[in-house]
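First the structure, in the form of structure tokens, and then the observations on it.
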Amino acid sequence: MNSPEAEPRGIKWIFFFPTQWVGELNHFIIKINTMKKIVYFLLFAVLLAACTSVKQIGKVNMISNRNVDPKLNYDVISTYSGGSNRELKKSNAKTIEDAIDQTVRKVPGGEFLMNAKIYMVNGQYIAVEGDVWGVKSNVAYRGFKVGDKVTWKVMSNFKTGTIMSLKDDMTCLVETKNGDIIEKKYDDISKAE
């Protein structure tokens, strides 16, 4: 059975595999290792490109794009506005003026920033964080002010409530008739007469 005449010519057996298969198997393993290296490199490159760099480039005591009236009694309306990592990374302002406007306009009644920090995002955008100051009395945003009666639609019913707080440039807090306080977008509500 194991006589030399029984083996086909040119094929040697190692551990039940022909030697030519071992060479092909080694070549296949080398290809797999090369593909693994390429996949690891691409994964590393994608992860590196997905990272956003935020670098603080300055601090100022007060900064504003508007004239500040020294006769008015300004109050702190919001602290650390624009300071979350998400807000910093979302900035698309190309100039410091635009970054200040983005931060101040987010807060209803905002006039200027105190204790501000200026950041460079991805080497091309500017973001500003700080305490927003303004005049609390007579604050209105998009036609709404604290104390306004508002209405909104839920399914096929209309609900009503009173604005308790102007939270930011997108939402306000509304107290419903049964005493619950909910957050509503300005686009979803209208003034009730």
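The values are calculated or read from the model by the stated rules, or taken from the named source; none is laboratory data. Quick caveat: nothing in here was measured; it's all calculated off a predicted structure. Don't worry about glycine lacking a Cβ; one is built from the backbone with ideal geometry, like all the others, and counts go over all protein chains shown.
Values computed for the structure shown
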{"read-out": "Scope region 50-89; condition without any contact (Cβ under 8 Å) to a residue 12 or more places away in the chain and among the basic types (Lys, Arg); matching residues", "value": "Lys71, Arg86"}
{"read-out": "Any chance Met35 is assigned by TED's automatic domain parsing to the domain that holds Ile126 and either under 30 Å from the mean Cα position of the chain (by Cα) or more than 23 Å from Phe112 (Cα to Cα) (or both)", "value": "no"}
{"read-out": "Of residues in region 72-82 being farther than 15 Å from Ile57 by Cβ and crowded, with 16+ Cβ neighbours inside 10 Å, the one nearest to the chain's Cα centre (by Cα)", "value": "Ser81"}
{"read-out": "Yes/no for Ser165 being surrounded by fewer than 16 Cβ atoms within 10 Å (Cβ to Cβ) and either over 19 Å from Ile77 (Cβ atoms) or touching a Cys at 6+ places or on another chain (Cβ under 9 Å) (or both)", "value": "yes"}
{"read-out": "Elements of type strands (runs of 3 or more DSSP E) contained in region 94-187, each with 3 or more residues being more than 27 Å from the chain's Cα centre (by Cα) and not polar (S, T, N, Q)", "value": "149-154, 157-165"}
{"read-out": "Search result, residues across region 42-65 that are in a loop (DSSP other than H, G, I, E, B) and either surrounded by 10 or more Cβ atoms within 10 Å (Cβ to Cβ) or among the polar types (S, T, N, Q) (or both)", "value": "Thr52, Ser53, Ser64, Asn65"}
{"read-out": "Residue check for Lys117: within 14 Å of Ile77 (Cα to Cα) and among the charged types (D, E, K, R)", "value": "no"}
{"read-out": "Residue within region 180-193 that is modelled with pLDDT under 85 and more than 30 Å from Lys55 (Cα to Cα) present", "value": "yes"}
{"read-out": "Flag for Val68 being in a loop (DSSP other than H, G, I, E, B), crowded, with 20+ Cβ neighbours inside 10 Å and outside the structural domain of Val146 (by TED's automatic domain parsing)", "value": "no"}
{"read-out": "Single residue of Gly134, Gly130 found to be surrounded by 20 or more Cβ atoms within 10 Å (Cβ to Cβ), in contact (Cβ under 8 Å) with a residue 24 or more places away in the chain and under 18 Å from Tyr74 (Cα atoms)", "value": "Gly130"}
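A quick yes/no check of all residues on (1) at pLDDT 85 or above; (2) charged (D, E, K, R):
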| residue | (1), (2) |
| --- | --- |
| Ile57 | yes, no |
| Val60 | yes, no |
| Ser81 | no, no |
| Asn92 | yes, no |
| Asp98 | yes, yes |
| Thr103 | yes, no |
| Val107 | no, no |
